[in-house]
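The values are calculated or read from the model by the stated rules, or taken from the named source; none is laboratory data. No experiment lies behind these values; they were computed from the predicted model shown. When we count neighbours, we look across all protein chains shown, and the Cβ atoms used for this are built from the backbone with ideal geometry, even at glycine.
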Amino acid sequence: MKFFIDTANLSEIREAYDLGVLDGVTTNPSLMAKEGITGDENVKAHYKAICDIVDDKVSAEVIATDYEGMIREGKELAKIDDKIVVKIPMIRDGVKALKYFKSEGIRTNCTLIFSSGQALLAAKAGASYVSPFIGRLDDISYDGLELIGQIVHIYGNYGYETEVLAASIRHTMHLIKCAEIGADVATCPLKVITGLLKHPLTDSGLAQFLADHAKAAGK
Ligand code: E4P
């Protein structure tokens, strides 16, 4: 499974990349706003800064919600760097835009997916990735992980090349369950990725090994 980090924070992206397990980055307008990035040129410069840190696959979201606007913005975003994946919302004009970008060889991530029907539509339109939002479904008492399973199953039935990018991940169990279910990618906050490191038996085991070594060495 590929690991993406879900943030626009450069130091968090660097930290995840330095760990050696990062395959990409997802951002959204809220995450960009959280970093105080506003204005077209600043936004583009920030995406470029992210692309300079990682090897590939930086999702950059369009703001327009009409077809022409999404095409115009998506093309501008794609020009920033070959690593950019244009993020398109799951709306009627978005589906048309996915089809257009597919024909142009520009990778896309269809975001705000909350049903398997939406995921099917995005795959048929040629999206490179679909982003089902697990946490936001769980928040309203729907089973986000069940949706991941449904989409993985449907895509498997027909051999769709669209990758299932599990998003809105809130904790390590979401991530582990996504791996069990067979999501292609999970995008997570840094704390979820580093959370995988933790186990009390690792900590106590290492402490014991080091203490035994020091004792044997007569320290
Ligand atoms: C995915 O691309 C989104 O940026 C993200 O995962 C949304 O997560 P949230 O529900 O925690 O805002």
(request) Determine if the range 160-173 includes at least one residue that is away from the ligand (no atom under 12 Å from the Cβ) and in contact with a Phe, Trp or Tyr (Cβ under 6 Å, 6 or more places away or on another chain). (result) yes
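Can you pull out the residues in the range 164-180 that are more than 20 Å from residue 139 (Cα to Cα) and surrounded by fewer than 19 Cβ atoms within 10 Å (Cβ to Cβ)?
179, 180
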(message) Checking the structure you have, find out if any residue of the range 201-209 is surrounded by fewer than 20 Cβ atoms within 10 Å (Cβ to Cβ), within 13 Å of the ligand (Cβ to nearest atom) and not in a loop (DSSP other than H, G, I, E, B).
(response) no
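Working only within the range 115-137, note down all residues that are surrounded by fewer than 18 Cβ atoms within 10 Å (Cβ to Cβ) and either among the aromatic types (Phe, Trp, Tyr) or part of a helix (DSSP H, G or I) (or both). Walk me through it before giving the result.
First, the residues of the range 115-137 that are surrounded by fewer than 18 Cβ atoms within 10 Å (Cβ to Cβ): 115, 117, 124, 135-136.
117, 124, 135, 136, listed by residue number.
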(request) Return the residue satisfying two criteria in turn: it lies in the range 42-63 and is away from the ligand (no atom under 15 Å from the Cβ) and of a type in the set (Asp, Glu), and of such residues it is farthest from residue 85 (Cα to Cα). (result) 52
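Please enumerate the residues belonging to the range 149-163 that are surrounded by 13 or more Cβ atoms within 10 Å (Cβ to Cβ) and of a type in the set (Asp, Glu). Spell out how you get there, then give the answer.
Within the range 149-163, the first condition is being surrounded by 13 or more Cβ atoms within 10 Å (Cβ to Cβ), and the residues that meet it are 149-152, 154-155, 160, 162-163.
Matches in the range 149-163: 163 only.
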(request) Quick one: count up the residues across the range 6-37 that are crowded, with 20+ Cβ neighbours inside 10 Å and of a type in the set (Ser, Thr, Tyr). (result) 3
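Please work out if residue 153 is within 28 Å of residue 194 (Cβ to Cβ), assigned to a helix (DSSP H, G or I) and not small (Gly, Ala, Ser). Don't jump to the end; show me each part of the working.
On the way: within 28 Å of residue 194 (Cβ to Cβ): no; assigned to a helix (DSSP H, G or I): yes; not small (Gly, Ala, Ser): yes.
When the stated conditions are applied, residue 153 does not pass them.
When you go through 190, 197, 147 one by one, which is the residue that is within 26 Å of residue 17 (Cα to Cα), touching a helix residue (DSSP H, G or I) at 6+ places or on another chain (Cβ under 8 Å) and aliphatic (A, V, I, L, M)? Lay out the reasoning, then the answer.
Values: 197 fails: touching a helix residue (DSSP H, G or I) at 6+ places or on another chain (Cβ under 8 Å); 147 fails: within 26 Å of residue 17 (Cα to Cα).
Answer to the check: 190.
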(request) Look at the range 6-41 and say how many of its residues are more than 17 Å from the chain's Cα centre (by Cα), more than 15 Å from the ligand (Cβ to nearest atom) and among the β-branched types (Val, Ile, Thr). (result) 1
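Do we have residue 141 as of a type outside the set (Asp, Glu), away from the ligand (no atom under 15 Å from the Cβ) and in contact with a Pro (Cβ under 9 Å, 6 or more places away or on another chain) here? Let's see the steps before the verdict.
Values: of a type outside the set (Asp, Glu): yes; away from the ligand (no atom under 15 Å from the Cβ): yes; in contact with a Pro (Cβ under 9 Å, 6 or more places away or on another chain): no.
No.
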(message) Among the numbered criteria (1) surrounded by 20 or more Cβ atoms within 10 Å (Cβ to Cβ); (2) not in a strand (DSSP E or B), which one does residue 146 miss?
(response) (1)
(request) Confirm whether residue 184 is modelled with pLDDT of 95 or more and either more than 28 Å from residue 80 (Cβ to Cβ) or away from the ligand (no atom under 16 Å from the Cβ) (or both). (result) no
(request) Return yes or no: is residue 52 under 17 Å from the mean Cα position of the chain (by Cα), among the acidic types (Asp, Glu) and surrounded by fewer than 20 Cβ atoms within 10 Å (Cβ to Cβ)? (result) no
(message) Can you confirm whether residue 84 is within 16 Å of the ligand (Cβ to nearest atom), touching a Leu at 6+ places or on another chain (Cβ under 9 Å), over 21 Å from residue 51 (Cα atoms) and aliphatic (A, V, I, L, M)?
(response) no
(request) Determine the pairs where a residue that is free of Cβ contacts under 8 Å to residues at least 12 places away in the same chain, located within the range 208-219, has a partner that is surrounded by 10 or more Cβ atoms within 10 Å (Cβ to Cβ) with Cβ atoms under 9 Å apart, the partner being 6 or more residues away or on another chain. (result) 219/213
